[in-house]
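The values are calculated or read from the model by the stated rules, or taken from the named source; none is laboratory data. If you're wondering where the values come from, they're calculated on a predicted model, not measured in any experiment. Note that each Cβ is placed from the backbone with ideal geometry, even for glycine, and that neighbours are counted across all protein chains shown. What goes into the accessible areas is simple: the full protein's heavy atoms, side chains included, and nothing from ligands, DNA or RNA. Shrake-Rupley method; radii C 1.70, N 1.55, O 1.52, S 1.80 Å.
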Amino acid sequence: MFAKLLITGGCGFIGTNFVRHVRRSRPHTHVVNVDVLSYSGNADNLADLRDDPRYTFVHADICDAERMRALMTGVHAVVHLAAESHVDRSILDTRPFIRTNVLGTQTLLDAAVAARVRRFVHVSTDEVYGSLSLDRPELRFHEDSPIRPNSPYAASKAASDMLVRAAHHTFGLDACITRCSNNFGPYQFPEKVIPLFVTNLLEGKQVPLYGDGLNVRDWIHVEDHCEAILAVLERGKAGAVYNIGADNERSNLELTRTLLHILGKGDEFIRHVEDRLGHDRRYAIDSSKIARELDWRATRSAWPDALFSTVNWYVKNTDWWRRIKSGAYREFHDKLYENRPVATPVRANA
Ligand code: NAD
Ligand code: TYD
């Protein structure tokens, strides 16, 4: 294990879970968490680690080359999670995505090369592969699938993947790329579908289901993702890409009905709204390479139990999401949903 690990974006959803995971499972590792605290970063998530001598929080922007160079001194490895991460926001304004996801990643790579960091793990997404068809259920993304990003978010992540590849090839940086499917679990910002729908239902509000609701996502519990990142950090092959998934494809309509069932609500809580622009139809991950090479398998994503315990976390932590939903996030939320046309409901048996 690496003695000093720099994690970027540690105050976001996956970052919070990953920082906790490392502190729990690698007690001798010193974690430095660099986060600018954008709208989705929340320093309170890790407030209980404040007095932990092996945890340091640094409030900084990954685009700040001078800060990144200084911070990288003495760091043995980097896990890079910081990003603009929400597809709908990337449709409203692409520029922050290019800045953080592309320029920010390059800034970190430059600093890591200069400091001779021993390993750099770039946390990417299955969305760089584009979309699969519902008619070919046998197809899944594998590491050699073509990179065909469709949303500005996915395009910015694909660009960052290429920069990581180039830093490995040209400057010899020991780098790995992970591409994971949709995560769920505690601390997810309530603009993503699961926490948005759960918290809306807890507030007695309807949930905005895009289009016909038949788009498919491949769901993995964030703890499984964290274990996979750690496996890649410690045992991954330099220059390799690893897909991460839990073989758990669900249509949005199925997901929504399961959430309604868990919370004792009926279909009248579904509001069918206009589809997302360029909405990818289906994601499905083949993660046999990481299973074969690094002996990693998802163990905590069993459906619907893992979803049930996630819903329970939001039920128990109402203060956490109520604070967020009453703040600046409201402005974005209102812009996206208030005037969104209502769509024709899908057939009951769809
Ligand atoms: P998130 O939006 O919850 O967290 C992102 C974090 O990055 C926040 O804490 C934010 O403050 C920080 N950040 C943003 N810009 C920054 C900057 N310029 N400098 C420093 N920090 C900055 O996102 P998440 O869902 O936790 O995703 C984390 C990573 O995992 C992203 O790279 C994302 O592309 C990838 N990923 C996410 C999923 C998913 O389902 N959530 C799936 C696969 C991959
Ligand atoms: P999201 O959580 O934004 O993740 P991603 O776009 O990265 O997959 O959305 C997951 C799915 O849920 C996606 O198919 C879009 C859909 N969705 C809705 O139907 N309504 C919503 O309000 C949101 C946010 C998403």
Per the rule of 0.36 nm per residue minus the C-alpha distance, extending LEU214 to ASP135 adds in nm 27.2 nm
Suppose R0 equals 41 Å; then what is the FRET efficiency for HIS261 and GLU143 from their Cβ-Cβ distance, rounded to the nearest 0.05?
0.70
Mind putting a number on the dipole of the stretch 14-143 about its Cα centre? Charges go on the C-beta only, +1 for Lys and Arg and -1 for Asp and Glu, and I need it in Debye to the nearest 20.
600 debye
Computed Rg/Rh for the chain (Cα atoms; Rh = Kirkwood radius) stands at 0.95
Answer rounded, prolate or oblate for the stretch 27-80, using the Cα gyration tensor with square roots of eigenvalues a ≥ b ≥ c: rounded when a/c is under 1.5, else prolate when a/b is larger than b/c, else oblate.
oblate
Considering only protein heavy atoms and a 1.4 Å probe, what is the carbon-and-sulfur percentage of the accessible area of the stretch 130-263?
50 percent
Mind checking which lysines have their C-alpha under 25 Å from LYS265, skipping anything on the same chain fewer than 8 residues away?
LYS192, LYS205, LYS316, LYS325
If you average over every viewing direction, what projected area does the convex hull of the Cα atoms of the stretch 68-132 give, in nm²?
5.0 nm²
From the residues ILE285, TYR153, HIS221, which one has its Cα farthest along the dipole of the chain in the positive direction, the dipole being from +1 and -1 charges on Cβ of Lys/Arg and Asp/Glu about the Cα centre?
HIS221
Inverse of <1/r> over all distinct C-alpha pairs of the stretch 1-96, i.e. the Kirkwood Rh in Å, gives 13.8 Å
Tell me which of VAL273, HIS261, TRP296 sits at the most positive position along the dipole axis of the stretch 248-305, charges placed on C-beta atoms (Lys, Arg +1; Asp, Glu -1).
TRP296
Looking only at the stretch 224-243, which residues have a backbone nitrogen under 13 Å from a spot 7 Å from the Cα of SER25 in the C-beta direction?
224-236
Checked against the positive end of the charge dipole of the chain (+1 on Cβ of Lys and Arg, -1 on Cβ of Asp and Glu, about the Cα centre), the farthest of LEU307, MET68, THR105 is MET68
Among rounded, prolate and oblate, which fits the stretch 192-235 when a ≥ b ≥ c are the square roots of the eigenvalues of its C-alpha gyration tensor, a/c under 1.5 means rounded, and a/b larger than b/c means prolate?
oblate
Which order do peptides 65-74, 174-183 fall in by mean Cβ count within 10 Å, highest first?
174-183, 65-74
Give me the base-10 log of I(q)/I(0) for the stretch 204-287 at each q in 0.19, 0.22 Å⁻¹, Debye formula, one uniform scatterer per Cα, rounded to two decimals.
-0.91, -1.05
Calculated FRET efficiency for the pair ASP305/HIS279, C-beta based, R₀ 22 Å, to 0.05
0.15
The rounded separation in angstrom of the Cα centers of the stretch 177-219 and the stretch 113-130 is 25 Å
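Roughly how many Å² is the accessible area per residue of the stretch 1-76, as a whole number, for a 1.4 Å probe?
44 Å²
Could you work out what % of the accessible surface of the stretch 23-124 is carbon and sulfur, using a 1.4 angstrom probe and leaving DNA, RNA and ligands out of the count?
51 percent
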In a shell of Cβ-Cβ distance under 13 Å around ASP64, excluding ASP64 itself, what net charge do Lys and Arg (+1) and Asp and Glu (-1) give?
-1
222 nm mean residue ellipticity, helices alone, for the chain (DSSP H n ≥ 4; -39,500 (n - 2.57); rounded to 500)
-11000 deg cm²/dmol
